[in-house]
Amino acid sequence: MGINKDLEKFEKWYETEPFEDFVGPFFYKKNKKNYISAFECKDHHLNAMGTLHGGMTMSFIDYTMFVICLEAIKEQSFVTVSCSTEFLNPSVNDEIIYGDGEITQETKSMIFVKGKIFNNQNKTISTFSGILKKIRSK
């Protein structure tokens, strides 16, 4: 089993990220104007109704927020302090799930983002907004 052909131009963020590798794995790539995230939706990502599990969506949103901020957080440590998720449509039989968004505000210690999770037909599954906080070095 190889990587889905739609993910061949994507890369993994870390060599090893235990949680994200376990629930994903998740990937990202640079588009013309921003970064986009993606993962291959498989049976173990579904709920009892056969749709993408909300907890999986929220885990992917957390990853996507960091992908959106990739340029802004280089060589700095950040954590998620807030994330609001709106579930708009079920994801049924979607092979690849994508995420993208934008930074809406940036301060010395926080980055505010908003974005969406969608399928390859550009149907929005969820929207989100969140805040990442810079961790001070000791």
Within region 67-108, residues out of contact with any helix residue (DSSP H, G or I) (no Cβ under 6 Å at 6 or more places or on another chain) and open to solvent by less than 40 Å² (accessible area, probe 1.4 Å) come out as VAL67, ILE68, CYS69, LEU70, ALA72, ILE73, PHE78, SER91, ASP94, ILE97, TYR98, ASP100
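Name the one entry in PHE118, PHE128 that is modelled with pLDDT of 95 or more, of a type in the set (Phe, Trp, Tyr) and over 19 Å from ASP6 (Cα atoms).
Matching residue, one of PHE118, PHE128: PHE128.
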Per the filter on region 47-57, residues part of a helix (DSSP H, G or I), touching a Ser or Thr at 6+ places or on another chain (Cβ under 9 Å) and surrounded by 16 or more Cβ atoms within 10 Å (Cβ to Cβ) are THR57
Exercise for the section: Could you tell me whether any residue of region 60-77 is of a type in the set (A, V, I, L, M, F, W, C), under 16 Å from the mean Cα position of the chain (by Cα) and either in a strand (DSSP E or B) or at positive phi (or both)? Expected result: no
Hey, THR16 β-branched (Val, Ile, Thr) and in a loop (DSSP other than H, G, I, E, B) or not
yes
For ASN31, the lone unmet condition from (1) within 18 Å of ILE117 (Cα to Cα); (2) loosely packed, with under 10 Cβ neighbours inside 10 Å; (3) free of Cβ contacts under 8 Å to residues at least 60 places away in the same chain is (3)
Filter region 109-133 for residues that are buried (at least 17 other Cβ atoms within 10 Å of the Cβ) and among the small types (Gly, Ala, Ser); the one that is nearest to HIS44 (Cα to Cα) is SER126
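The values are calculated or read from the model by the stated rules, or taken from the named source; none is laboratory data. Note that this is a predicted model, so its numbers are computed, not measured. Positions of Cβ are backbone-derived with ideal geometry, glycine not excepted, and every protein chain shown enters the neighbour counts. The accessibility values were calculated without ligands, DNA or RNA, using every heavy atom of the protein model including side chains. Shrake-Rupley method; radii C 1.70, N 1.55, O 1.52, S 1.80 Å.
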